[in-house]
1. How many residues does the stretch 67-85 contain that are under 23 Å from GLY24 (Cα atoms) and either among the small types (Gly, Ala, Ser) or modelled with pLDDT under 80 (or both)?
2. Go through VAL328, VAL324, VAL309, VAL285 for me and flag whichever is crowded, with 18+ Cβ neighbours inside 10 Å, at pLDDT 85 or above and part of a helix (DSSP H, G or I).
3. In this structure, does GLY329 turn out to be touching an Asp or Glu at 6+ places or on another chain (Cβ under 8 Å), under 30 Å from LEU195 (Cα atoms) and of a type outside the set (Asp, Glu)?
4. Determine whether the stretch 30-43 contains at least one residue that is surrounded by fewer than 20 Cβ atoms within 10 Å (Cβ to Cβ), touching a Ser or Thr at 6+ places or on another chain (Cβ under 7 Å), touching a residue at least 24 places away in the same chain (Cβ under 8 Å) and of a type in the set (Ser, Thr, Tyr).
5. Run down LEU374, LEU385 and say which single residue is surrounded by fewer than 18 Cβ atoms within 10 Å (Cβ to Cβ) and out of contact with any strand residue (DSSP E or B) (no Cβ under 8 Å at 6 or more places or on another chain).
6. Go through the stretch 85-108 and give me each residue that's under 18 Å from LEU413 (Cα atoms) and not in a helix (DSSP H, G or I).
7. Scan (1) without any contact (Cβ under 8 Å) to a residue 12 or more places away in the chain; (2) surrounded by 10 or more Cβ atoms within 10 Å (Cβ to Cβ); (3) more than 28 Å from LEU116 (Cα to Cα) for the single condition ARG85 breaks and write down its number.
Amino acid sequence: MAYAVGLLVLLVGLLASIALHEVGHMVPAKRFGVRVSKYMVGFGPTLWSRTRGETEYGVKAIPLGGYVRLVGMYPSAEVVGAEPRAGRFGEVVQAARDASSEEILPGEEHRAFYRLSTPKKVVVMLGGPVMNLLIAFVLLGIVLVGFGIPGGATTTVSFVGECVPATDAPADAPCTASDPPTPAAAAGLEPGDVLLSYGGVQIAQWADFQDAIRDTAGTDIPLVVERAGEQLTLAITPVVTQRPVVDADGEAVVDADGQVRTEPGRYLGVGPTEALERQPLSAVVTTTASGVWETAKIVVTLPAQLVDVVQATLGLEDRNQSSVVGVVGVGRFAGEIASVDAPGFGTAERVVSMLGLLASLNIALFVFNLIPLLPLDGGHVAGALWEGAKRQVARVRGLALPAPADVARMMPLAYGVFLVLAFMGILLIYADIVRPVTIG
């Protein structure tokens, strides 16, 4: 049930993001006088629609996108002075021009999108992606300022190690038959236990526990914990082992020769849960900017990542945890967030994780839609900027202003891009099923 709730929350959040994306296009278009004939959330058969004014608003069956129909997206051949082109590509271009011209009502030629100035075209086409960026900013603000992010350690036990790791191994390294059990495991400590005292020293915060371990020697040291509302006293005997020296950031310190520096220390094999710490408003700006930058790097390297996905799908290599995922993978993340049962991961942590996931999706929509190829918003922006550049050159040279950009000529490319995106979506869906990525 919790898994299904996570999927439902993701679906509602995704549909809201799509709907607001289209609002970002529609509102400025209407303010600039363009007639918007349709506003639809989803693709495929129409489930519900209602016409208000001159716009039909509706919801379609496949919740994987949306669109607004702006009348007069492409100028006619007469307007741009284009000669008919032979062949299949020429037919595609002419069909796009004809469909665009047929939507323009008699006497409303001035309301066609292609007649807008370059700045207005850019505002309309960037309205959708910018809306996604604004959604991400708001969601991250709720997460960082309203709830906080995991930071400070609490006195609640998050994990209990099974064995004492080797000196040069991480604390979560797999155990071998020769590895002794950790003192925490031998004493019966369990995840979810709340530490109350150690060797008679009261524990108010995790640092108190660390200090008590360091300062208390001996065997069978009493450790008082609270478990399921009851106090239990466990007898625990630390072991002294060589452990890596870590810096303030928790990173292992290495010597000049590259070897990890170690020192003897008492070891129990237990770790804390982390409390949520609220962040300043400035952190929202930096986190959003960082998310945009990291997403942009993923988009740039997308072809190489898709090759890795194909190899993982064919079983030639393992699928990386940082691999790009599709809608099935994102749905899996949402289900895992909603259904995970772990100490210190309560309602607030679930809300933070789910809102963070939705913020990441909106940042991805922002960045991806800026790719300067039709049918993406960035393709229309590129066409508008090209038109504006030609007009500026004409003004400087004292020439007559050129006709609007013949964006319809890019329709064959738009169909090609659409097919590539469809193939990518199907590939990722298949990979998410046969070689899934989980958040653990």
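1. Selection size over the stretch 67-85: 1.
2. Of the residues listed, the single one that is crowded, with 18+ Cβ neighbours inside 10 Å, at pLDDT 85 or above and part of a helix (DSSP H, G or I) is VAL309.
3. no
4. Yes, the stretch 30-43 contains a residue that is surrounded by fewer than 20 Cβ atoms within 10 Å (Cβ to Cβ), touching a Ser or Thr at 6+ places or on another chain (Cβ under 7 Å), touching a residue at least 24 places away in the same chain (Cβ under 8 Å) and of a type in the set (Ser, Thr, Tyr).
5. Answer to the selection: LEU385.
6. The answer is ARG85, ALA86.
7. (3)
Per-residue answers, yes or no, for (1) part of a loop (DSSP other than H, G, I, E, B); (2) closer than 19 Å to GLY199 by Cβ; (3) at pLDDT 80 or above; (4) of a type in the set (D, E, K, R):
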position	(1), (2), (3), (4)
THR219	yes, yes, yes, no
LEU223	no, yes, yes, no
GLU226	no, yes, yes, yes
LEU234	no, yes, yes, no
GLN242	no, no, no, no
GLU263	no, no, no, yes
ARG266	no, yes, yes, yes
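The values are calculated or read from the model by the stated rules, or taken from the named source; none is laboratory data. Keep in mind that what you see is a predicted model, and the values were worked out from it rather than measured. Here Cβ is always computed from backbone atoms with ideal geometry, including for glycine, and neighbour counts include all displayed protein chains.
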